[in-house]
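J.: Quick one: this structure, given as structure tokens, is what I'll be asking you about.
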Amino acid sequence: MYYFIYYFSLFMIYSFSGWIIEMIYVGFAEKKIINRGFLLGPYLPIYGVAGTLMTFVLSFYIDYPLFLFLNAIIIGSIVEYFTGYAMEKIFKAKWWDYSKNPLNLNGRICLQNSVLFGILGTILVYYINPFLNNCLDQIPNPILYFISGLLLSLFIIDIVISCNIIKELKLTAIALKKDYTDEMSHKVRETLANKNWSFKRLLNAFPDLTFLNMKQLKKIIKKQAKRLKEKTKKLARLRKKEAKLKDKQKEIEKEIKNMK
């Protein structure tokens, strides 16, 4: 039980720290405060998952800084890639897109972010974790359990509410009857943002948000068209062979007549 509480505490701390990092990073670039979270609360679970995994895995490489750094890159990249993939499948929406960044993979991860994960992972293992371990050890178990239970309850409630907001956002976008195949137009975004403060927050947090319904339909149509094209080519080849066989048959029949 203690280990679950311990790792959940780290998960929440890293999630909150990631939220702070994103707020500063994006806020500095945009010159305004933007809640970068998918959830309503001040935390980014992707950082929590990555940080917790790094805590568990990277401890084996503590005496090998280079291997630790490389493994932090791998862990961070895997978590970010599969988080993006899972969110696309669950919500039928693309939340971020690094396609314009050099050395990216399907727009879900890019070299720049992966290296940053490596740096953060190295700092986490050598400096942050020892400090956090010391802090958590100072908290009596009953109090730690109570705080963790409260945070877990709020976290689950937040997930349910946020998922409903995403569903409502998607249905509202569809109701507008606009084409958002590649990205929602400025007019559609403006209309959605004015309808609901939670819509506005999500659209500001994820400027590359793209619904995938039409994309998936296009992919299916493209695949079907490709298959049809291949079948058409195959049928054309068979007809040519059939025509050649008929010509040969006529030649044989002609030769037989001549022999008679």
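Throughout, read-outs are computed from the coordinates displayed, never taken from laboratory work. In this text the structure is predicted, and so the values were computed from the model without any measurement. When we count neighbours, we look across all protein chains shown, and the Cβ atoms used for this are built from the backbone with ideal geometry, even at glycine.
J.: Report the full-extension gain for the segment Asp137 to Ile252: residue separation times 0.36 nm, less the Cα-Cα distance, to one decimal in nm. Show your work: numbers first, answer last.
T.: On the way: separation 115, 0.36 × 115 = 41.40 nm, distance 9.59 nm.
Between Asp137 and Ile252, full extension yields an extra 31.8 nm.
J.: Within 10 Å, count the other beta carbons around each residue, average over each peptide in 136-148, 120-132, and list them highest first. Could the numbers behind the result be given before it?
T.: On the way: 136-148: 11.7, 120-132: 17.0.
Ranked from most to least packed, the peptides come out as 120-132, 136-148.
J.: Report Rg (one decimal) and Dmax (nearest whole number) for the stretch 2-178, counting Cα atoms only, units Å.
T.: 17.6, 58
J.: Give me the one-decimal nm value for the distance between modelled label points at Lys244 and Lys100, 7 Å along each residue's Cα-to-Cβ direction.
T.: 5.3 nm
J.: Listing Glu80, Glu22 from the residue with the fewest other Cβ atoms within 10 Å to the one with the most, what is the order? Could you put the intermediate results ahead of the total?
T.: On the way: Glu80 23, Glu22 18.
Neighbour counts put them in this order, fewest first: Glu22, Glu80.
J.: Further question on the same structure: Would you mind ranking Thr232, Thr83 so that the residue whose beta carbon has the fewest other beta carbons within 10 Å leads the list?
T.: Numbers: Thr232 10, Thr83 20.
Result, fewest neighbours first: Thr232, Thr83.
J.: Can you compute the modelled spin-label distance between Lys233 and Ala86, with each label point 7 Å from Cα toward Cβ, in nm?
T.: 4.0 nm
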